[in-house]
Structure formats: structure tokens, C-alpha cells
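The values are calculated or read from the model by the stated rules, or taken from the named source; none is laboratory data. If you're wondering where the values come from, they're calculated on a predicted model, not measured in any experiment. No Cβ is skipped: glycine too gets one built from the backbone with ideal geometry, and neighbour counts run over all protein chains shown. Only protein heavy atoms, including side chains, enter the accessible area calculation; ligands, DNA and RNA are left aside. Shrake-Rupley method; radii C 1.70, N 1.55, O 1.52, S 1.80 Å.
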Number of protein chains: 4
Amino acid sequence: MPTDEDTTVAALRREIAQFIRERDWEQFHDPKNLSMAIATEAGELMEHFRWVKNDPSREQVRDPQAKAAVAEELADILAFALSFANAVNLDITSALHAKMAKNARKYPADQYKGRY
Amino acid sequence: MPTDEDTTVAALRREIAQFIRERDWEQFHDPKNLSMAIATEAGELMEHFRWVKNDPSREQVRDPQAKAAVAEELADILAFALSFANAVNLDITSALHAKMAKNARKYPADQYKGRY
Amino acid sequence: MPTDEDTTVAALRREIAQFIRERDWEQFHDPKNLSMAIATEAGELMEHFRWVKNDPSREQVRDPQAKAAVAEELADILAFALSFANAVNLDITSALHAKMAKNARKYPADQYKGRY
Amino acid sequence: MPTDEDTTVAALRREIAQFIRERDWEQFHDPKNLSMAIATEAGELMEHFRWVKNDPSREQVRDPQAKAAVAEELADILAFALSFANAVNLDITSALHAKMAKNARKYPADQYKGRY
């Protein structure tokens, strides 16, 4: 079974692209709709945590069933995020590195230790 | 420069984990807060498309500046999604494969061609 | 049956406050949780429209059943928004008037006619 | 200055409708776009609370400046929610009463005291 250790971002993107293509769903997967889909799924992930406090939210996901439910929501978010990258033709790794470099300048590690 | 073709999901996860650790931010990155952060960034991505129609949203991201702005929002979403996977200790590739298998049963390609 | 014509914002706020108080739920209704709840319900409202285009979304809500479903989601959003106003002790009417005055300065009607 | 005590929901709806009409923005205010706008503004409200814990989120809004910022975000959410009600032609008071009656059956006060 492939895991994060031996799977490239491009491989996941191609799997999602194929799933969408086989159903002729590219017509629905434009940037507007995909941004809505990501946000909708993010709402579903939040729903698991909206009435628990921060520390109990860590406990909650130790339960295997709760963790499995949460894994499905995260998978939905990521599936649409990967499809967004496909639709817009952008390299996720490059985008992430560029943003992290920007954040590293905005939040130098020594000044932002333990605080936002 | 590393790209999606030669970068594993695990490599990205480790980079995010290190960025958070260097700032001692694990204390903030619990499932509740991270679900809020993903949803907030998803809202920022949507903001680019909320008044345009579907087809123009495809045009919009062809402009390099608009594409760069959208790439930053997607990077933010993914950074928090990767951090969520780290906090909860779940394998993204496995979660995605499990969800896609479930969706393939729910939406057989021959029955859902071109429709949702 | 009371309608929008004969119901004050304060009356709705008091009804929500009573519903929450009767269940001893004020402990959960802090600004953080309520902001998550509003966003989660907003996600559920979006879910009805994520794959339809703009004009068909107007058609869709003409169907009485679809309209009723959408009315429930809007009610959820508003219930939490009213509870947020209660928790934070802010006057909705004043907040809305202040924001509209600000927006009227930002978007003068003659300059923003038909465009954003 | 009108407040929640002497302002009907219908009065607020009419003010929003007039603001939109004066700018010829009804063309943008369809159910799809408005659901995105509500969710986007809900994301902005959350942004104020994403790294604070629950009890500190109550403290935070006691500061007048923080409260004013949060009031603006809530106003944005409500403005789009009221515009949604206008676009879909639904009575907010009736929708809210119907949903509260349903929730009262789902969560009887004696069984759900202090718990969700």
C-alpha cells in the first residue's frame, strides 16, 4: 500500500485528474466551484470540533473511529485542493515553498517563538 | 528547484513540521484550531471568485498576477492541511485512496458521466 | 404568525438567548465556537450551490422543497449570528448601519453601478 | 439612532435591498454568489479567534477596538444573509421559528442540559 513516504504530489494529482476525467467532471471543476468545494469540506471538518475545547480536540482524534471520520473530511479537502491545482495548472510544491519562504521572513523563528 | 514530480507528500509534511517546531507553534496546532485555519484560508481563496461567473473564473487565473495570488491562498490551505495530518498523525495518501475508493463506489463512472 | 414585518431584531435575539439558556449552552457559545458554527452552517448553505452555475442557482430555489432546505441553512446561520451578538453584547442594527455607511463611502453608487 | 429594540427585520432587509439596487448589484446577488459571500465573511470573523482558546476569546471582545473589528465582520455576514433572504424571497422570522421548533424537538431542554 502506497504511503506518504513513497508517493509524490504529482502522483496524487494524476489520480485525482483521472477520477475527474473518467466522469467527465472537468466541466464542473473550475476555480470558482472548486474554491466553494474546498470551503464546504473545510466546514465539515470543523463540524467535528466546534463545541469541544482545544485540548479535548486532541484527545478526540485518538479514538480510531473519530480519527477515521476526520481522515475522510481531510481527504475531501485535499482531493478538491489537488483538483484546483490541476485546473489552474500550478505546482503545489513550488507554491508551498514560495509561501513558506515569505512566512519565514514575516515570522522570524527567534521573534515568534511560542507566539503568533 | 523541487517540483510536484520529485517531491513526496512526506517531504512536504516534514518541512511544515519543522517550520512549526522552530517557532514552538505545536501548542496552537491542535485539530480544532487547524480546522478553523483551513476554513479561513479556504474563505480567502473563495474571495477571489465570489463575484465572477464560472467560465470567467477560468480566464481570471490565466493572468500571471491573479494566478500568483491564488497560488498563495492554495499554499496556505495546504500548509494547514499538512499540519493537520501531522497533528493527528494520519497518512494523507492512504486517507485519499480510501476516500477515492469509496467515491468510486458511490459515483460509478458510467452512471455519473457528466453529471453530479 | 409573526413575520419580518412585525418582528424586531431584539425579539429574535431574545428568543435565541432563551433557547440557549434553557439548555445551559451559554458555556459553549463563546465567540470562538460561534464563529466556527456560523462558518460551518455557511458551508452547508454553499453545498446546495457548489456545482450549479449562477443563473440556475436562482431557478433552483424556486422549487418549494429546495427553498425550504435552503431556508433551514439560512436559519442556522442566523441563529448562530444572533447568538454571537448576544455573547458579545453588540447591537446588530447599529453594527449594520455603521458598516453600510462605510461601504457607501467605499463604493459610491455612481462609480460602482453594475460593477464591483 | 435606531437599535435592535425598535428595528424590524423587514426594515433591515429593505435597507440592504436599496443599497444593492442603487448600485445595480442584483445581477451579482444570486444564491450561489451570496452563499460564497456569507462563507467568506464567516471566515474573516473566524480569523479573529483562530489561535486563541475559548475563554480568552470572550476576554478578547471586551476590548473596544477588538469588539468594533468583530462587529464589522458580523455586519458583513448579516448584510449578505439579509440579501440572500431578499434574493430568495424568504421570511427570516418564519424560517428561524420553524428551525427553532425543529431543534426544540431534536434537543429537548431536559435531556440536553449542559451537553450537546
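If only one of C:GLU59, C:GLU73 is on the phi < 0 side of the Ramachandran plot, touching a residue at least 24 places away in the same chain (Cβ under 8 Å) and of a type in the set (D, E, K, R), which one is it?
C:GLU73
Give me a count of the residues in the range C:62-91 that are within 7 Å of chain D (Cβ to nearest Cβ) and within 19 Å of D:VAL70 (Cα to Cα).
9
Any residue that is of a type outside the set (Lys, Arg), under 23 Å from B:LEU12 (Cα atoms) and under 16 Å from the mean Cα position of the chain (by Cα) - is there at least one of those in the range A:28-35?
Yes: one or more hits.
Identify, by number, the condition in (1) loosely packed, with under 15 Cβ neighbours inside 10 Å; (2) more than 14 Å from chain D (Cβ to nearest Cβ); (3) not aliphatic (A, V, I, L, M) that B:GLN27 doesn't meet.
Condition (2) is where B:GLN27 drops out.
Kindly establish whether A:GLU41 is within 13 Å of chain C (Cβ to nearest Cβ) and acidic (Asp, Glu).
So A:GLU41 passes the test.
Return the pairs, sorted by first residue and then second, in which the second residue is of a type in the set (Phe, Trp, Tyr) and part of a helix (DSSP H, G or I), the first residue lies in the range A:92-107 and is within 7 Å of chain B (Cβ to nearest Cβ) and surrounded by 16 or more Cβ atoms within 10 Å (Cβ to Cβ), the beta carbons are less than 8 Å apart, and the residues are 6+ apart or on different chains.
Listed by first residue and then by second, the contacts come to A:MET100/B:PHE19.
Of the conditions (1) under 26 Å from B:ALA11 (Cα atoms); (2) under 16 Å from the mean Cα position of the chain (by Cα), A:GLU44 satisfies every one except a single condition; which number is it?
(1)
Just checking, which of A:ASP76, A:ASP110 is of a type outside the set (S, T, N, Q) and either in contact with a Ser or Thr (Cβ under 7 Å, 6 or more places away or on another chain) or closer than 15 Å to B:ALA42 by Cα (or both)?
It is A:ASP76.
Is it true that B:ILE20 is in contact with an Asp or Glu (Cβ under 8 Å, 6 or more places away or on another chain), surrounded by fewer than 21 Cβ atoms within 10 Å (Cβ to Cβ) and touching a residue at least 40 places away in the same chain (Cβ under 8 Å)?
Judged against the criteria, B:ILE20 is a match.
Count, please, the residues in the range C:30-78 that happen to be basic (Lys, Arg) and open to solvent by 40 Å² or more (accessible area, probe 1.4 Å).
4
Identify the single condition in (1) among the acidic types (Asp, Glu); (2) touching a strand residue (DSSP E or B) at 6+ places or on another chain (Cβ under 7 Å); (3) open to solvent by 60 Å² or more (accessible area, probe 1.4 Å) that D:ASP4 does not satisfy, given that it satisfies every other one.
So D:ASP4 meets the others, but not (3).
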